[in-house]
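Notes to accompany the following structure.
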Amino acid sequence: GYALSPAAPTHAAPMEDAAIEAALAAARARHETILLDFWATWCPPCNQLSAEVLEDPTNAPDLAGITVLRLDADHPSSWATKSRYSVGGYPTVILLDGEGRELDRRVGYSGEPDFLAWLTAARGTTVPLGALPAAETLAPKDALALALRLARVQQNEEAAPFLARAETAANAEDPDLHLARFLIREEPAEALWLAEHGPEATLYEWAFSAADLVSAHPELVAPLRAAIVRALPDAPLAQTGDFLYLLGELAAPADKAPWYAAAAAAVRACTTGVPEHDRGFWTPLADMLEKAGDTEGALKVLRSAVATWPEEFTYHHALAGLLLEHGGATEALPEAEAAWKYSYGDNRLRAAERLARIRAANGDTAGALTFIDGVLAEAKRPGADIQVRTTRYLKKLEDARAELGKKQ
């Protein structure tokens with residue numbers, strides 16, 4: 001993590017815990033608003049947020065009076081702060097007032113206009129998320145608005161009592177009520193209602209979660225596809241690729257490739273030729289091309305990314321995985337080794353798993369097991385009171401060790 005002005009360069013070294021606390025304390029002493037940006041170098045929307053907003057000098061007026069503190073979500077220095085603020089997905093942006101109270105947060109990135117509109121509203125909020133009223137003190141309409149606001153930032157447990165209060169005087173045709181119910185409870189019936197009656201403007205918020213339900217609830221496929229097709233003509237370009245990709249996911253196996261190819265074309269249309277701006281698009285573009293059957297095109301994209309950012313873990317890691325998947329274990333090995341060389345924190349665990357599997361695929365299972373044992377022995381483990389993704393990555397590496405051990 002690091003503090004920066006809107007025009008500051010990217011990729012400064014992560015701050016240690018004491019430095020993070022000192023930066024927060026200094027900003028509070030100045031009674032400045034603080035924007036915590038939890039980002040990851042491999043995260044496409046994190047890179048887009050950085051390039052389009054936080055590091056774009058033209059947005060300096062929008063960030064005036066705000067201390068921006070960027071926290072590298074993969075580095076152990078961010079663990080305590082991530083856990084304190086219950087950060088899961090990336091990017092998560094949290095706005096604190098001059099007293100350190102959480103005003104609002106935003107999870108994900110859907111484009112510069114939406115983000116700046118959120119920032120303006122968050123700075124003027126009268127109901128800080130860090131000082132929520134009791135649900136029973138609110139009118140049902142206000143409780144619904146707060147339930148939806150909490151659900152949108154993945155605070156479902158906190159949202160539940162406000163939704164319950166809203167339901168005491170529920171309007172069965174209120175789209176916000178159905179949206180809140182789905183985001184909080186993920187009930188298939190609510191997804192079906194939204195697909196058939198919900199406004200197109202909110203589709204991006206719930207469509208991907210609904211798609212996760214279709215294997216158990218195939219009756220959702222047709223209504224969800226129809227809702228996406230209706231929304232496509234007016235969707236922002238940045239969302240169009242995601243919608244087309246989702247149509248590919250929902251399509252029958254024989255019909256998937258054209259949707260993925262269309263999604264790749266939409267993503268490519270978002271690029272500008274400026275590497276700092278485009279870096280967030282390269283891994284999803286490669287993924288969509290590969291799914292469309294254009295493996296060579298996907299490899300070309302990732303090789304170009306590696307050439308542009310030779311000391312970036314992300315592109316070496318993605319290229320190694322794609323080569324391994326398509327039978328190039330020998331060619332994948334130097335890319336996996338490069339990913340390991342440039343990895344750190346949580347990325348170190350992901351890079352170790354892939355490198356071990358590729359070494360095993362090249363016939364060195366014994367060496368792969370020894371390597372994993374060394375990584376696990378040196379890994380910094382979060383305390384029991386720290387809830388971060390590191391624990392999951394450690395478990396995946398341990399599972400890989402057990403799987404490869406059976407093959408020895």
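The values are calculated or read from the model by the stated rules, or taken from the named source; none is laboratory data. Keep in mind it's a predicted model, so treat the numbers as computed, not measured. Please note: Cβ atoms are built from the backbone with ideal geometry, for glycine as well, and neighbour counts cover all protein chains shown. Surface areas here come from the heavy atoms of the whole protein model, side chains and all, with no ligands, DNA or RNA. Shrake-Rupley method; radii C 1.70, N 1.55, O 1.52, S 1.80 Å.
A few comments on the model shown:
- Accessible area of the chain belonging to carbon and sulfur atoms, whole % at 1.4 Å probe: 54
- Annotation: THR202 carries an accessible surface of approximately 20 Å², with a 1.4 Å probe and no ligand, DNA or RNA atoms counted.
- P(r) weight above 24 Å for the range 140-262, C-alpha pairs, percent: 29
- Within the range 28-179: Cβ-based charge dipole about Cα centre, in debye rounded to nearest 20 (Lys, Arg +1; Asp, Glu -1): 400
- Selected from ALA366, ALA134, ALA269 as most flexible by GNM, with the chain as the system and alpha-carbon contacts under 10 Å: ALA134
- Inter-part distance where the range 63-91 and the range 220-270 are each reduced to a Cα centre, Å: 32
- Semi-axis lengths (Å, descending) of the ellipsoid that matches the C-alpha gyration tensor of the range 231-352: 27, 17, 12
- Across the range 352-365, computed HN-Hα scalar couplings (Karplus, 6.51 cos²θ - 1.76 cosθ + 1.60, θ = phi - 60°) run 5, 4, 5, 4, 5, 5, 6, 4, 5, 5, 8, x, 10, 5 Hz from first to last residue, x flagging Gly and Pro.
- Partnerless Cys - the chain, beta-carbon criterion under 4.7 Å: CYS270
- Prolate/oblate/rounded label for the range 121-196 (Cα gyration tensor, a/c 1.5): prolate
- Within the range 315-331, backbone nitrogen closer than 15 Å to the virtual label 7 Å beyond the Cα of ASP364 toward Cβ: 329-331
- Think of the range 251-408 as having a plus end and a minus end, set by charges on the Cβ of Lys, Arg, Asp and Glu; of ALA264, PRO253, VAL301, PRO253 sits farthest toward the positive end of this dipole.
- Accessible area of the range 75-159 divided out per residue, in Å², using a probe of 1.4 angstrom: 42
- For the range 236-280, the Kirkwood estimate of hydrodynamic radius, built from reciprocal distances between every pair of different alpha carbons, is 10.9 Å.
- Largest-first ellipsoid semi-axes for the range 78-173, taking √(5λ) over the Cα gyration tensor eigenvalues, angstrom: 24, 15, 14
- Across the options LEU224, LEU95, ALA169, the greatest Cα extent toward the positive end of the charge dipole of the range 80-237 (unit charges at beta carbon of Lys, Arg, Asp, Glu) belongs to LEU95.
- For the chain, a Gaussian network of Cα nodes joined below 10 Å ranks ALA307, ALA135, ALA169 by mean-square fluctuation, and the top entry is ALA169.
- Reachable lysines from LYS407, criterion Cα separation under 21 angstrom, eight or more residues apart if same chain: LYS395, LYS396
- Additional length obtainable on full extension of the chain from ALA172 to HIS31, 0.36 nm per residue less Cα span: 46.4 nm
- Rh by Kirkwood over Cα pairs, then Stokes-Einstein D for the chain at 0.692 mPa s and 37 °C, µm²/s: 142
- Solvent-accessible surface ranking, highest first, for GLU205, GLU190, GLU325 at 1.4 angstrom: GLU325, GLU205, GLU190
- In a reduced charge model with +1 at each Lys and Arg Cβ and -1 at each Asp and Glu Cβ, the chain shows a dipole moment near 820 debye about its Cα centre.
- In summary, the range 294-408 shows an alpha-carbon radius of gyration equal to 1.09 times the 2.2 N^0.38 Å reference for compact globular proteins.
- Fully extending the segment from SER304 to HIS217, taken as 0.36 nm per residue of separation minus the present Cα-Cα distance, adds 27.3 nm.
- Per-residue surface analysis assigns HIS178 an accessible area of about 10 Å², computed on protein heavy atoms at 1.4 Å probe radius.
- Our estimate of slack between GLU187 and LYS406, defined as 0.36 nm per intervening residue step minus the Cα-Cα distance, is 74.8 nm.
- Per residue, the range 342-408 exposes 53 Å² of accessible surface when a 1.4 Å probe is rolled over the protein heavy atoms with every protein chain present.
- Dipole of the chain, positive direction: furthest Cα of THR314, LEU138, ILE372, with charges on the beta-carbon: ILE372
- Sum of -39500 (n - 2.57) over DSSP H runs of 4+, divided by residues of the chain (222 nm, nearest 500): -17500 deg cm²/dmol
- Global form of the range 24-115, assessed from the alpha-carbon gyration tensor, a/c cut-off 1.5: oblate
- With the whole protein complex present, LEU322 retains an accessible surface near 20 Å², based on a 1.4 Å probe.
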